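Some notes on the structure that comes next.
The values are calculated or read from the model by the stated rules, or taken from the named source; none is laboratory data. Bear in mind that the values here come from a model prediction, so they are computed numbers and not experimental data. All Cβ positions, glycine included, derive from the backbone under ideal geometry; neighbour counts span all protein chains shown.
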Amino acid sequence: MSPEPTTDLFRSHATARLRGDTAEAARLASQIGPGQLMTHQLFLVSLLAQAVVEEYGAQPDPSDLAAITKRLHDKHFATNPSFNALRAEAMVRAVCGDSVLLTEIPHAEQPAYLWAAIGELIEPDLTDAQLAELFDLAEEYGLECLTEAFEDTIRNHPRRAGSPETLPKASPSASPSSLPSASSVIESSEEESA
């Protein structure tokens with residue numbers, strides 16, 4: 001699947017979830033295939049990060065984190081006793097650079113906690129234009145994070161993947177599909193060393 005339909009699917013699914021259209025959200029979720037799950041998770045992390053920054057700034061005050069954790073507990077625990085609001089707080093902390101607690105949350109449970117936090121931070125009555133702007137900013141942030149992580153990986157492992165000087169530079173408007181894959185960079189460095 002090309003990036004445009006995937007992006008449209010993720011945005012449509014998020015819109016349905018945020019607006020409480022459970023039937024449409026379920027229909028769209030069923031279209032997110034196994035090969036898209038990681039990309040979808042990255043979209044959700046980026047969306048949460050954008051929501052956190054808009055609500056609290058890059059470094060939320062501990063009292064704000066305590067308040068959102070309490071609201072999430074009060075909202076979800078009564079109907080779902082297995083809901084752990086501290087895990088949702090850990091997702092919020094992770095997008096602010098404090099990701100040590102992510103290892104405490106099973107990967108399969110992370111999307112539910114992401115959605116709980118996203119649903120608490122993003123108003124359901126945003127217009128289509130406001131949602132489009134939010135999604136644009138989230139995707140831009142996600143691309144920046146992935147680009148930085150990719151470049152850091154190259155920089156920290158020059159023997160495996162080439163030197164940072166050989167990295168193609170991503171433009172701010174580049175789409176993820178226009179970036180080289182990690183395997184292509186590794187393969188090219190292996191060819192150079194052979």
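The table for this structure:
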| item | result |
| --- | --- |
| Condition met for residue 39 (closer than 23 Å to residue 108 by Cβ, hydroxyl-bearing (Ser, Thr, Tyr), in a loop (DSSP other than H, G, I, E, B) and not assigned by TED's automatic domain parsing to the domain that holds residue 148) | no |
| The listed residue being modelled with pLDDT under 90 and among the hydroxyl-bearing types (Ser, Thr, Tyr), out of 63, 99 | 99 |
| So residue 24, is it within 19 Å of residue 138 (Cβ to Cβ), among the acidic types (Asp, Glu) and assigned to a helix (DSSP H, G or I) | no |
| Number of the condition not met by residue 41 [criteria: (1) polar (S, T, N, Q); (2) surrounded by 15 or more Cβ atoms within 10 Å (Cβ to Cβ); (3) out of contact with any Leu (no Cβ under 7 Å at 6 or more places or on another chain); (4) closer than 19 Å to residue 139 by Cβ] | (2) |
| Count - residues of the range 86-106 that are free of Cβ contacts under 8 Å to residues at least 24 places away in the same chain and either surrounded by 20 or more Cβ atoms within 10 Å (Cβ to Cβ) or among the basic types (Lys, Arg) (or both) | 1 |
| Flag if residue 148 is part of a helix (DSSP H, G or I), at pLDDT 85 or above and among the acidic types (Asp, Glu) | yes |
| Check on residue 118, assigned to a helix (DSSP H, G or I), on the phi < 0 side of the Ramachandran plot and touching a Gly at 6+ places or on another chain (Cβ under 9 Å) | no |
